[in-house]
Structures are given as structure tokens and as C-alpha cells.
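Below: the structure, in C-alpha cells.
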Number of protein chains: 2
Amino acid sequence: MGIDTLDCKIIVQLMSNGRGTWSELATLLQISAPAVAERARRLQERGIIQGYAAQVDPRAVGLTLLAYVAVTLDRPEHRVGFLAWVQQTDAVQECHHIAGDGDYLLKVRCRDTADLEELVSNQLKGLEGIVRSRTTIVLSTVKETSRLPMPADAPERNSAN
Amino acid sequence: MGIDTLDCKIIVQLMSNGRGTWSELATLLQISAPAVAERARRLQERGIIQGYAAQVDPRAVGLTLLAYVAVTLDRPEHRVGFLAWVQQTDAVQECHHIAGDGDYLLKVRCRDTADLEELVSNQLKGLEGIVRSRTTIVLSTVKETSRLPMPADAPERNSAN
DNA sequence: CCTGAAAGATGATGGTT
DNA sequence: AACCATCATCTTTCAGG
């Protein structure tokens with residue numbers, strides 16, 4: 001579970017330029033390219049770096065509608081079916097468990113309100129145990145980044161020089 | 001504004017394997033590597049692919065707390081200061097405009113409740129024009145992907161074979 | 001973690017339909 | 001106009017230190 005200063009810098013860099021070459025990073029961090037490659041490989045092996053992804057503009061691929069759906073389940077035994085639906089439904093980008101015993105918050109992306117209606121009114125509300133769902137439509141997105149706050153937030157545990 | 005079938009396949013692939021080589025993609029799509037590289041380059045040039053990013057496990061870098069904060073502003077003239085704060089604050093990963101005239105939804109990541117308190121009670125509520133803020137703490141995350149739903153959702157406009 | 005060499009990927013050029 | 005093939009250059013990878 002140790003992440004030193006160098007790992008941190010590698011992570012920060014790869015979060016904003018995930019396709020940069022090891023050589024670039026190497027010159028930036030003043031170490032050799034194989035060292036960077038090895039560290040990046042190990043970070044991924046340890047699950048700290050989970051993967052690399054192209055960041056795509058949703059509107060460019062027809063996904064103009066973004067919404068948050070707060071869902072309330074009545075009983076724990078209905079969770080399984082709900083969670084299975086969440087996993088297999090691509091329009092659901094995120095699902096967070098938020099409250100006492102049956103509240104979830106979904107981030108949903110689709111083309112238009114017709115798609116959203118199909119998703120919420122037909123699919124979601126058709127599941128067992130859905131007590132209530134409140135949908136909040138996003139009018140515009142001011143900021144949306146996958147970069148995690150790291151500068152002063154994650155103090156290094158090892159500072160091996 | 002045209003995205004054909006090939007572009008779609010490239011996008012889908014790069015969303016789940018953003019560091020794959022052009023050669024790999026080329027053999028997968030049955031075309032040459034330079035063709036893939038050229039298309040990927042143009043997709044990025046057109047802003048459809050906005051960049052590439054390493055996906056990092058937040059908990060591995062000490063970010064164990066995730067929260068959503070719903071903010072209400074009183075007047076439009078206070079928006080500017082608020083939005084500036086949002087942009088410069090790394091802990092705010094997302095900011096969506098959601099309602100009538102002054103409602104925003106923030107996705108906030110930090111280490112613990114102390115950090116969250118500093119962020120919401122000291123920084124956010126210290127801004128001009130903040131009427132109300134309701135914080136929802138996430139207990140656990142069931143699903144969180146940056147992959148956009150594309151399979152049947154974005155029908156190709158050109159299907160040049 | 002570094003150096004060096006082999007294997008591979010990228011990027012540019014010219015040619016093809 | 002888009003794609004393919006080839007070659008020069010750069011990067012990655014693997015050896016050994």
C-alpha cells in the first residue's frame with residue numbers, strides 16, 4: 001500500500017495525459033524510461049491504476065441528455081435484481097449507495113427524454129421493490145473531470161531519495 | 001459532424017483501452033495502422049476525443065470520501081464567483097447546472113469529513129450569494145465508468161463499406 | 001534504478017483505387 | 001479523399017550490471 005513521491009508524479013501526469021510516452025515522462029521526472037514503465041506497470045498490477053480511457057465528448061456521439069436519478073428500494077432482498085440491472089445497463093454511468101438502507105443515486109446518460117422515459121418509467125420502475133424515484137435533469141455541465149485532487153491532498157508515505 | 005461506423009468502433013475501443021497501440025486496433029478492425037492513427041488524430045482534432053486519462057482508484061490515493069453537494073444561489077450576479085471557485089477547486093470533480101435559475105450539483109472528493117467540512121462550511125458557504133447547500137455523503141459506489149453507451153445508441157450517419 | 005541492444009510502434013512519403 | 005505499403009525514427013522491452 002505504499003505510494004512514494006515518484007509514483008504520485010507518474011499518476012498525476014498519466015491522469016492528464018494518459019497516452020504520453022514513457023520517455024516523455026522519464027525526461028520530465030529525471031529518471032530513465034524503463035524505470036517509469038516498470039512503475040506504471042506495477043501501479044496497474046496493484047489496481048491503483050485501473051486502466052486507460054479515451055475521454056469522449058458525449059454530445060459528439062449523440063448523448064445530449066444527462067440526468068441524476070435518486071432511487072429508493074423497500075427491502076434488502078430486492079437489491080440484487082436492481083444492482084444486476086444497474087451493471088448491465090450501459091446508460092447508467094454511475095451508481096452510488098447513499099443513505100440508510102435503500103437509497104441509490106444514478107448518473108444516467110442518453111439521447112433524449114424519450115430514452116430517459118423508457119429507462120426510468122419502463123425499465124427501472126418495472127423492477128421489484130422500487131418504492132420511489134426522483135429524476136433531476138442536468139441543464140448544462142460546468143465542470144467534469146476525471147482528474148483526482150492530489151497535489152497537497154495525498155502526502156507521500158515513503159520519500160525514498 | 002460525421003462519425004461513421006469505423007470511427008465508432010475506434011471510439012468504443014479507445015474508451016476501454018486508451019493505451020492500446022494503433023497496430024492492435026488495426027488488426028481488430030481489419031485496416032492498416034496508419035489509417036487508424038489518422039482517424040484517431042482527427043477525432044481528437046475535432047474535439048470528439050478530448051484526451052486520454054489513466055483511471056485511478058481514489059481510495060488508493062487517500063480519497064476515501066465522496067459526496068454530492070446541491071447548491072442554491074440567490075442571484076445570477078453571484079454565479080461568476082461561484083463558478084470560478086468551482087474551476088479552481090480540485091476536490092470538485094463535477095459541477096452541473098440543474099434547475100430553474102440557481103441550482104447546481106457538485107461531485108466532491110476528499111480524504112475525510114474534516115476536509116469536507118473545510119470545503120463546504122468554510123470555503124463554499126463563505127462565497128457570496130450561497131443561499132443553501134445540502135450535502136449527501138456516498139456510502140459506497142456500486143458502479144462508476146467513463147465508458148459512454150454507444151452500441152445501439154449512436155446510429156451511424158455514414159455506413160461506407 | 002541505470003545502461004545498451006533488439007523488437008516493435010509510430011509517423012511521413014508516395015502510390016493506388 | 002481515404003486507404004495501403006514501405007521505410008526512417010523513436011519508443012518500448014529485456015538483458016545484465
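Points worth noting:
- Condition met for A:Arg39 (open to solvent by 20 Å² or more (accessible area, probe 1.4 Å), touching a residue at least 12 places away in the same chain (Cβ under 8 Å) and within 16 Å of DNA strand D (Cβ to nearest atom)): yes
- Checked against the criterion of being open to solvent by 80 Å² or more (accessible area, probe 1.4 Å), modelled with pLDDT of 95 or more and within 11 Å of chain A (Cβ to nearest Cβ), the candidates B:Gln93, B:Gln87 yield just one match: B:Gln87.
- Test: residue in the range A:32-52 that is more than 11 Å from every other protein chain (Cβ to nearest Cβ) and more than 12 Å from DNA strand C (Cβ to nearest atom): yes
- Search result, residues across the range A:42-54 that are open to solvent by less than 60 Å² (accessible area, probe 1.4 Å) and either farther than 15 Å from B:Gly20 by Cβ or of a type in the set (A, V, I, L, M, F, W, C) (or both): A:Leu43, A:Gly47, A:Ile48, A:Ile49, A:Ala53, A:Ala54
- Those residues of the range B:61-84 which are open to solvent by less than 20 Å² (accessible area, probe 1.4 Å) and either part of a loop (DSSP other than H, G, I, E, B) or out of contact with any strand residue (DSSP E or B) (no Cβ under 8 Å at 6 or more places or on another chain) (or both), in sequence order: B:Val61, B:Leu63
- A count restricted to the range A:104-118 and to residues that are more than 14 Å from A:Leu139 (Cα to Cα) and surrounded by fewer than 17 Cβ atoms within 10 Å (Cβ to Cβ) stands at 3.
- With respect to the stated conditions, A:Pro151 is modelled with pLDDT under 95, away from DNA strand C (no atom under 16 Å from the Cβ), open to solvent by 30 Å² or more (accessible area, probe 1.4 Å) and in contact with a helix residue (DSSP H, G or I) (Cβ under 9 Å, 6 or more places away or on another chain).
The values are calculated or read from the model by the stated rules, or taken from the named source; none is laboratory data. Note that the structure is predicted; figures quoted are calculated from it, not measured. Methodologically, a virtual Cβ is constructed for each residue, glycine included, from the backbone with ideal geometry; neighbour enumeration extends over all protein chains shown. Protein only, heavy atoms only, side chains kept; ligands, DNA and RNA dropped before computing areas. Shrake-Rupley method; radii C 1.70, N 1.55, O 1.52, S 1.80 Å.
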